[in-house]
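**Q** Below: one structure in structure tokens.
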Amino acid sequence: MGDTGELVDANFLPLIYDILKCVERDSYDINTKITDLRTKLQNAREQVEKLPGIDFSKEEQERQIDILRKQLATKVELLRKYKNFDFSLD
């Protein structure tokens with residue numbers, strides 16, 4: 001993971017649905033399905049812990065977002081300003 005912005009795999013509904021189907025059918029596969037769900041939950045926890053900024057408080061994250069938004073606005077303005085600038089030496 002890292003700073004690439006990858007998404008956390010948190011699609012648990014299919015596993016939960018499989019567990020419910022096993023319960024309805026009195027299937028012996030339920031233990032396997034529950035183990036699969038536990039594994040997926042643990043993997044999701046590990047992925048979340050690796051997310052950039054997870055160690056910052058909500059306020060620190062909001063401050064960082066504000067800083068980045070201001071930087072973006074400045075860069076967009078500079079691009080807009082220099083887009084129509086005539087660089088010819090004629």
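Read-outs: derived from the displayed coordinates by stated rules, not from any lab. All values derive from a computational prediction rather than experimental measurement. Because the Cβ atoms are built from the backbone with ideal geometry, glycine has one as well, and the counts that use them run over all protein chains shown.
**Q** For the pair Gln71/Ile30, report the inter-label distance in nm, with labels modelled 7 Å from Cα in the Cβ direction.
**A** 5.2
**Q** Among the lysines in the chain, how many pairs, 8 or more places apart or on different chains, have alpha carbons under 19 Å apart? Spell out each step's value before the answer.
**A** Details: Lys21/Lys33; Lys21/Lys40; Lys40/Lys50; Lys50/Lys58; Lys58/Lys70; Lys70/Lys81; Lys75/Lys83.
Lysine pairs meeting the criterion: 7.
**Q** Helix 58-83 against the longest principal axis of the chain: what's the angle in degrees, Cα atoms only, rounded to the nearest 10?
**A** Value to nearest ten degrees: 40.
**Q** State, as an integer percentage, the relative contact order of the chain based on alpha-carbon contacts under 8 Å between residues 6 or more apart. Could the numbers behind the result be given before it?
**A** Working: 34 pairs, mean separation 28.0, N = 90.
After rounding, I find 31 percent.
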